[in-house]
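Encoded as structure tokens, the structure appears first; notes follow it.
The values are calculated or read from the model by the stated rules, or taken from the named source; none is laboratory data. These numbers were taken from a predicted model, which means no experiment stands behind them. Note that we place each Cβ from the backbone using ideal geometry, even for glycine, and neighbour counts take in every protein chain shown. We work out accessible area using only protein heavy atoms, side chains counted, and drop any ligands, DNA or RNA first. Shrake-Rupley method; radii C 1.70, N 1.55, O 1.52, S 1.80 Å.
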Amino acid sequence: MASTTGETLAAAEPIADGRTEEGEEEQVVNPWEVSAKGGKIDYDKLVDRFGCQRLDESLIQRFERITGRRAHVFLRRGLFFAHRDLSDILDAYERGEKFYLYTGRGPSSESLHLGHLVPFMFTKYLQDVFKVPLVIQLTDDEKCMWKGLSVEESERLARENAKDIIACGFDIERTFIFADFSYMSPPIYKNIVRIANCVTGNKIVGIFGLTLEDYGGKFFFPYIQAAPSFPSSFPHIFSDKYSKLRCLIPCAIDQDPYFRMTRDVAPRLSYHKPALIESKFFPALQGESGKMSASDPNSAIYVTDSLKDIKNKVNRYAFSGGQDTIEKQRKFGANLEVDVPVKYLNFFLDDDAELLSIKEKYGSGAMLTGEVKARLIEVLSEIVERHQRARAAVTEEMVDAFMAVRPLPRMFG
Amino acid sequence: MAQTKPNYLPRAVSRVQRGRESSLSACSFHAASINPFLKSLNRNLKPIYSPAPRPPLLIRRRRRSMAFSKDQLLARLQELKIEFLSCDHPAVMTVEEQAKYVGHLGGALSKNLFLKDKKHRLYIISALANTKVDLKILSQRLGLGKGGLRMAPEEALPEILHVALGSVTPFSLINESARSVSLLLDKGFKSQRYCLFHPLTNEVTIALTPSDFDKFLLSIGREPAYVDLEDCPVVGKDNPPDLAYLVPAEALNLPGGADKVPPTSAPAQTNATLEQKTKQPTQKPKEPSKEQKQKSGKDKINADAVADSTNVEKFVEKVLEKVSNVFISELSKQSNAEDGNIKDHMLEGVKQRVSSDLLSMTMTLKNSVYAQGFHAGIESTLYPLANKKIVERK
């Protein structure tokens with residue numbers, strides 16, 4: 001439960017791009033690049049390097065005890081596997097002290113795949129079980145700076161992405177979505193400058209690996225991503241009563257550098273350090289060595305895919321750990337370590353008993369690749385269909401309402 | 001929580017509770033014959049606990065805040081399969097006295113301080129007997145400034161912790177009323193073989209292992225907070241108070257002031273003859289608080305009703321229940337009543353498959369409806385004049 005008082009930027013700071021002292025390139029994990037030698041990310045090494053803590057069984061049981069229901073499938077199956085100070089949040093919650101959730105998305109493309117939705121699905125679960133408010137930041141300014149998009153295009157993409165986010169099922173009574181370009185205003189800007197006054201350019205270079213050749217905006221953006229961790233950035237939601245409200249940030253582990261910096265700054269501005277709950281990366285259809293990328297439509301299942309597309313993609317592109325022939329499969333069973341359909345089922349199939357049975361049968365050879373893939377297609381189709389139906393019902397008015405600067409009177413109700 | 005009936009002690013004994021100064025011997029016969037627990041003490045028939053009265057109807061929504069007795073605590077420990085050694089002895093008010101009776105157990109005696117800060121937040125500091133506890137330093141480490149920690153008022157002991165003077169113990173946190181009391185534990189406990197505490201009374205000491213003690217704390221929903229109590233870091237601008245996270249969020253209404261308000265008195269108490277003497281001075285402060293409780297109770301009910309009606313999960317639950325009830329009754333008309341189990345099983349399967357979709361659709365409905373209402377609200381303020389034309393939205 002140690003609230004990591006010894007955690008300083010200098011001590012915990014890995015070299016930005018993951019190179020070791022010898023100059024060897026190991027795995028690179030930062031907000032703009034994720035790659036590893038041999039394809040497989042070593043999450044243990046990553047947790048050690050970043051200095052966060054592993055989310056173990058006892059914490060999951062604590063979740064179940066506090067919330068009174070089964071933990072989310074992503075927690076049970078270890079997709080959300082690391083955290084910072086999560087136990088402090090739970091302690092405070094048990095004492096009656098609330099917190100709020102903060103997550104976000106960089107709207108770089110209009111097409112979202114299931115991997116993009118993972119943090120939002122989990123955040124929705126957290127919102128439902130803890131009954132706490134949520135702010136969602138759409139970093140259209142970041143995409144403008146890094147991807148060279150025009151301001152108008154970034155804004156448009158942000159709005160389109162907001163619709164998909166809303167379709168994940170967030171409760172409008174407790175959710176505030178905002179895009180940086182439209183929300184920049186005195187309260188949040190003042191916090192951004194306060195944060196900026198605590199972090200030197202050297203530190204930014206050390207954390208994010210920027211150089212003087214990079215545009216100045218990139219040096220400034222980390223402060224913008226940090227600001228929503230402090231409740232005073234949202235005075236229309238958090239009155240003086242909640243001026244020191246705690247913050248929990250569900251995100252993928254590559255966002256950790258931003259929030260390491262934020263946690264370093266928080267005590268200096270007399271806020272609680274934001275807590276984090278971090279996820280692994282979602283495997284591409286082609287397996288660990290492949291990368292889920294927007295340019296390769298067959299690397300992932302997109303939320304706009306038809307049922308036929310899903311069937312096609314899984315059958316043709318999902319990397320199988322099964323043997324080459326049916327006879328060999330019956331004899332030796334499948335290699336569950338590399339089999340992508342089983343990995344996907346691990347995250348999306350809620351029924352523990354069924355998953356175990358599939359793993360046993362597939363691993364021993366009683367089940368064939370085709371059968372496993374068929375089950376996966378069923379599961380994915382249900383999820384995608386539900387999302388598409390919800391997405392179709394999202395109107396411009398609804399987006400406006402979610403993004404309106406309005407109070408949330410029953411955010412803890 | 002142990003669901004035992006509140007033990008209403010008859011009037012004779014409650015007079016005993018009210019005034020410790022009053023002659024106990026006169027009532028001792030009564031007490032012993034009525035309460036077998038008290039019978040087991042062959043000495044001072046001091047009341048060990050004061051059962052909380054039945055809360056008034058309106059606020060019964062809260063969990064019953066019943067005070068735990070030593071026996072109930074020990075029963076709970078047994079339920080949790082925690083092994084402990086128990087030793088009865090005469091009432092002890094200091095650690096030195098306690099050591100005379102239980103020093104032979106070979107465990108670590110604890111000294112327990114019940115403290116409050118300027119904002120009426122409460123703390124129990126449980127330390128090894130020979131750990132130096134400097135309240136000034138702890139106060140700074142908690143972020144309360146210098147001299148922010150004081151001993152809690154005597155009345156808070158029976159009121160909040162439901163223990164008597166000299167019986168402060170971490171076990172008192174099993175009581176609902178103590179939920180906002182923060183607990184700081186000496187990290188030295190972790191390396192001891194046994195830790196010795198009072199189990200809600202200073203006439204008994206129990207010894208249990210540190211890990212079992214942790215187990216107990218976790219069972220009442222507390223995460224054990226072990227602290228190096230002798231550490232004295234410099235707290236300043238660059239070094240924020242390192243124990244600030246242990247400060248409770250809630251301050252409690254401590255019984256204060258000159259008039260001693262007896263712990264068992266409450267608006268709904270039916271013992272009308274109680275406190276004939278003290279009724280006059282306490283009448284005024286009691287009345288408004290009773291009204292306040294009723295009013296806030298009503299508000300709470302209203303707020304809860306609104307929260308229920310906009311709660312998507314509750315809505316879907318009710319829909320599924322209604323549908324399944326009707327479905328089952330229709331099915332029973334058709335087929336035999338014997339396949340009850342199969343029908344239930346089938347229904348469970350149906351519910352599971354349909355839940356996610358129903359939840360998603362209902363949330364969509366809620367968000368759409370809110371969005372429409374929101375815009376209607378905006379339009380109505382933008383166009384206050386009745387004869388202003390509505391601008392069609394593209």
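When you check A:SER232 against the structure, is it of a type in the set (S, T, N, Q) and either under 18 Å from the mean Cα position of the chain (by Cα) or part of a loop (DSSP other than H, G, I, E, B) (or both), yes or no?
No, not satisfied.
Quick one: which of A:VAL399, A:VAL384, A:VAL405 is more than 9 Å from chain B (Cβ to nearest Cβ) and open to solvent by less than 30 Å² (accessible area, probe 1.4 Å)? Before the answer, list the steps.
Values: A:VAL399 fails: more than 9 Å from chain B (Cβ to nearest Cβ); A:VAL405 fails: open to solvent by less than 30 Å² (accessible area, probe 1.4 Å).
Sole residue among the options that is more than 9 Å from chain B (Cβ to nearest Cβ) and open to solvent by less than 30 Å² (accessible area, probe 1.4 Å): A:VAL384.
Could you tell me which residue of segment A:145-162 is nearest to the other protein chains (Cβ to nearest Cβ), considering only residues that are open to solvent by 20 Å² or more (accessible area, probe 1.4 Å) and touching a helix residue (DSSP H, G or I) at 6+ places or on another chain (Cβ under 6 Å)?
If we filter segment A:145-162 for residues that are open to solvent by 20 Å² or more (accessible area, probe 1.4 Å), which is where we start, we get A:145-153, A:155-156, A:159-160.
Next, from what is left, pick out any that are touching a helix residue (DSSP H, G or I) at 6+ places or on another chain (Cβ under 6 Å): A:145, A:149, A:151, A:155.
On the way: A:MET145: 32, A:LEU149: 25, A:VAL151: 23, A:GLU155: 18 Å.
Top of the filtered list is A:GLU155.
Run B:ALA127 past the list (1) open to solvent by 30 Å² or more (accessible area, probe 1.4 Å); (2) touching a strand residue (DSSP E or B) at 6+ places or on another chain (Cβ under 9 Å); (3) not acidic (Asp, Glu) and report the number of the one that doesn't hold.
Failing condition for B:ALA127: (1).
Per-residue answers, yes or no, for (1) open to solvent by 10 Å² or more (accessible area, probe 1.4 Å); (2) assigned to a helix (DSSP H, G or I):
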site: A:GLN61; (1), (2): yes, yes
site: A:ARG65; (1), (2): yes, yes
site: A:PHE74; (1), (2): no, yes
site: A:TYR100; (1), (2): no, no
site: A:PRO107; (1), (2): no, no
site: A:SER111; (1), (2): yes, no
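Is segment B:377-392 home to any residue that is modelled with pLDDT of 90 or more, among the aliphatic types (A, V, I, L, M) and in a helix (DSSP H, G or I)?
Taking every residue of segment B:377-392 in turn, none turns out to be modelled with pLDDT of 90 or more, among the aliphatic types (A, V, I, L, M) and in a helix (DSSP H, G or I).
Every residue in segment A:245-276 that is aliphatic (A, V, I, L, M) and more than 23 Å from A:TYR125 (Cβ to Cβ), please.
A:MET261, A:VAL265, A:ALA266, A:LEU269
Are any residues in segment B:195-237 within 20 Å of the chain's Cα centre (by Cα), in a loop (DSSP other than H, G, I, E, B) and under 20 Å from B:THR131 (Cα atoms), and if so, which ones?
Listed by number, the residues that qualify are B:HIS198, B:PRO224, B:ALA225.
What's the number of the only condition in (1) more than 30 Å from A:ALA392 (Cβ to Cβ); (2) of a type outside the set (D, E, K, R); (3) out of contact with any helix residue (DSSP H, G or I) (no Cβ under 6 Å at 6 or more places or on another chain) that A:GLY333 fails to meet?
Result: A:GLY333 fails condition (3) only.
Would segment A:173-190 turn up any residue that is in contact (Cβ under 8 Å) with a residue 24 or more places away in the chain, within 13 Å of chain B (Cβ to nearest Cβ) and open to solvent by 10 Å² or more (accessible area, probe 1.4 Å)?
yes
Each row is one residue, and each column tells you yes or no for (1) part of a strand (DSSP E or B); (2) in contact (Cβ under 8 Å) with a residue 40 or more places away in the chain; (3) among the hydroxyl-bearing types (Ser, Thr, Tyr); (4) farther than 30 Å from A:SER270 by Cα.
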{"position": "B:ILE124", "(1), (2), (3), (4)": "yes, yes, no, no"}
{"position": "B:THR131", "(1), (2), (3), (4)": "no, yes, yes, yes"}
{"position": "B:LYS146", "(1), (2), (3), (4)": "no, no, no, no"}
{"position": "B:GLU154", "(1), (2), (3), (4)": "no, no, no, yes"}
{"position": "B:PHE171", "(1), (2), (3), (4)": "no, yes, no, yes"}
{"position": "B:LEU183", "(1), (2), (3), (4)": "yes, yes, no, no"}
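Looking at (1) in a helix (DSSP H, G or I); (2) within 14 Å of another protein chain (Cβ to nearest Cβ); (3) at pLDDT below 95, which is the one condition that is false for A:ILE89?
With (1) in a helix (DSSP H, G or I); (2) within 14 Å of another protein chain (Cβ to nearest Cβ); (3) at pLDDT below 95 applied to A:ILE89, the lone miss is (3).
I'd like to verify a number: residues in segment B:169-199 that are farther than 22 Å from A:ALA92 by Cβ and open to solvent by 20 Å² or more (accessible area, probe 1.4 Å), how many? If you could, list the steps in order and put the result at the bottom.
So in segment B:169-199, the residues farther than 22 Å from A:ALA92 by Cβ come out as B:169, B:171, B:186, B:188-199.
Checking which are open to solvent by 20 Å² or more (accessible area, probe 1.4 Å) leaves us with B:190-194.
Total satisfying the criteria: 5.
Scanning segment B:295-331 for residues that are away from chain A (no Cβ under 14 Å) and open to solvent by 90 Å² or more (accessible area, probe 1.4 Å), which turns out modelled with the lowest pLDDT?
Going through segment B:295-331, the residues away from chain A (no Cβ under 14 Å) turn out to be B:295-298, B:318-331.
Checking the rest, the ones that are also open to solvent by 90 Å² or more (accessible area, probe 1.4 Å) come to B:295, B:298, B:318, B:321-322, B:325, B:327.
Numbers: B:LYS295: 57, B:LYS298: 67, B:LYS318: 91, B:GLU321: 90, B:LYS322: 89, B:ASN325: 86, B:PHE327: 83.
The extreme case among them is B:LYS295.
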